[in-house]
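Read-outs throughout are calculated quantities, based only on the coordinates presented, and are distinct from any laboratory measurement. It should be emphasised that the depicted structure is a prediction, and the values quoted were computed from it without experimental measurement. For neighbour counting, all protein chains shown are included, and Cβ atoms are generated from backbone atoms with ideal geometry for every residue, glycine included.
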Amino acid sequence: MDPQEAAALMAATSRQARSALAIRLPLVYLPWGAAWLIGLGAMWLSVRDQRPYQGPPAAAVVVLVILLLAAVGVTMVVVTRATRGVHGPSAVQGRIYGLSWPIGFAALFGIEGALSQHGASGQVLGIVAGAGPILVTGLIYVLGAAIWLDWSMFWLGAWLAVVAAAGAWAGPVSLLLIGALAGGGGFLAMAGFLALRHRP
């Protein structure tokens with residue numbers, strides 16, 4: 001196989017992987033939307049009457065963590081199936097994208113721990129804990145858009161970044177409601193849009 005044929009094969013394989021992933025993106029967005037909507041919604045319900053803000057109880061945090069882990073699991077299954085048999089640069093891109101999730105969230109949790117260690121108030125910790133995951137998720141989706149050249153991922157990632165920033169200004173309690181409705185709702189709206197667009 002000459003270099004031109006090899007390049008054409010790589011391009012075709014990459015297009016095939018992007019097409020398979022694009023068709024299945026609603027399956028990725030739905031669990032993330034449900035996780036943010038239900039998980040952050042439950043946290044908001046647990047703190048909406050707190051004066052002063054003390055943070056959500058452990059049970060609400062556990063619900064969110066379980067839902068997010070389920071969403072990560074679904075994402076891994078969908079991406080793995082879509083890129084099965086893909087080798088070369090596309091496979092490396094997929095692995096790097098996959099590593100961006102634990103790297104981003106590990107850094108976020110480290111920052112939260114440092115803030116707590118240095119005496120940050122409950123209000124500040126609530127804002128970082130609420131806005132941080134939304135922002136990290138949004139930036140990773142922007143990264144995914146650059147890898148797979150998918151505008152839906154880009155716009156969703158940009159939307160989540162806006163939700164994180166706007167919610168942070170609203171304070172830790174309202175931030176949870178904004179994240180649930182605008183963040184989770186954004187995922188669900190994009191899932192519905194893509195499902196309709198790819199409907200035969």
Quiz prompt | Residues Trp169, Trp151, sorted so that the one with the fewest Cβ neighbours within 10 Å comes first | solution = Trp151, Trp169
Quiz item: In nm, to one decimal, how far is the modelled label at Thr80 from the one at Leu45, with both set 7 Å along Cα→Cβ?
Solution: 3.3 nm
Quiz item: Roughly what would the spin-label model give for Trp151 and Val62, points 7 Å off Cα along C-beta, in nm?
Solution: 4.5 nm
Quiz item: Out of residues 5 or more away from Gln50 or on other chains, whose amide H comes under 5 Å of its own, with H placed 1.01 Å from N in the peptide plane?
Solution: none
Quiz item: What distance in nm separates the simple spin-label points at Leu196 and Gln54, each placed 7 Å from Cα in the Cβ direction?
Solution: 4.5 nm
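Given 0.36 nm per residue, what is the gain on full extension from Ile103 to His118 after removing their alpha carbon distance, in nm? Don't skip to the answer; put the middle values down first.
Numbers: separation 15, 0.36 × 15 = 5.40 nm, distance 2.26 nm.
Answer, rounded to one decimal: 3.1 nm.
With a 10 Å Cβ neighbour count serving as the proxy for reagent exposure, in which order, fewest first, do Met76, Met153 appear?
Details: Met76 13, Met153 24.
Neighbour counts put them in this order, fewest first: Met76, Met153.
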